[in-house]
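Here's the structure we're looking at; comments come further down.
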Amino acid sequence: MSRNLGGVGCYFCGTVPERTESPRPILPSEARVYFDEYRGLHVADALCPTCGARYLAWCDDTRCSSYEYGRHRGEHEPFFDLSFRSTFNNEPGRLDQPRWHWWQIREAELRAALAKALDFISPHDARRFDLEQYRESV
């Protein structure tokens, strides 16, 4: 188990989460037993706009007390790594889980794309067509 995901994409759907607050020092309640190691790490709560998964975005570790794996500052990007918010590691807790499963998101995207391509107003109309046939063309 690792503290971080090693990337900036959502673990569940691949979308880049959005920060919901400004960077701030990590709290003892967030890092728990790892607080001494990660004291000074600047983080921000983040949320995936597609599936709703919850993250702790790593924004700046240049002031981290004993983090020896590299120094990063989000000068060009809003953050450089992610952890799940409730667990502070790469395994999601129940509160970090997305609101929807990835296949529900993908099916909704396909229905919307099909409706737009066929110039339909109602998603109900799009359900009459075979999505499997459309998936092959996307």
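The values are calculated or read from the model by the stated rules, or taken from the named source; none is laboratory data. Given the structure is predicted, the values throughout are model-derived calculations rather than measurements. Backbone-built Cβ (ideal geometry, glycine too); neighbour counts: all protein chains shown.
Return the only residue of PHE88, PHE80 being at pLDDT 80 or above, surrounded by 13 or more Cβ atoms within 10 Å (Cβ to Cβ), touching a Gly at 6+ places or on another chain (Cβ under 8 Å) and in the same structural domain as SER22 (by TED's automatic domain parsing).
Working: PHE88 fails: touching a Gly at 6+ places or on another chain (Cβ under 8 Å).
Step by step, each of PHE88, PHE80 is checked, and only PHE80 is at pLDDT 80 or above, surrounded by 13 or more Cβ atoms within 10 Å (Cβ to Cβ), touching a Gly at 6+ places or on another chain (Cβ under 8 Å) and in the same structural domain as SER22 (by TED's automatic domain parsing).
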Search result, residues across segment 1-44 that are over 18 Å from CYS64 (Cα atoms) and touching a Ser or Thr at 6+ places or on another chain (Cβ under 6 Å): CYS13, THR15
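Restricting to segment 34-48, what's the tally of residues that are under 8 Å from the mean Cα position of the chain (by Cα) and at pLDDT below 90? Full working, then the answer.
Here is the first cut: in segment 34-48, the ones under 8 Å from the mean Cα position of the chain (by Cα) are 46-48.
Of the ones still in play, those that are also at pLDDT below 90 are none.
Of the residues in that region, 0 qualify.
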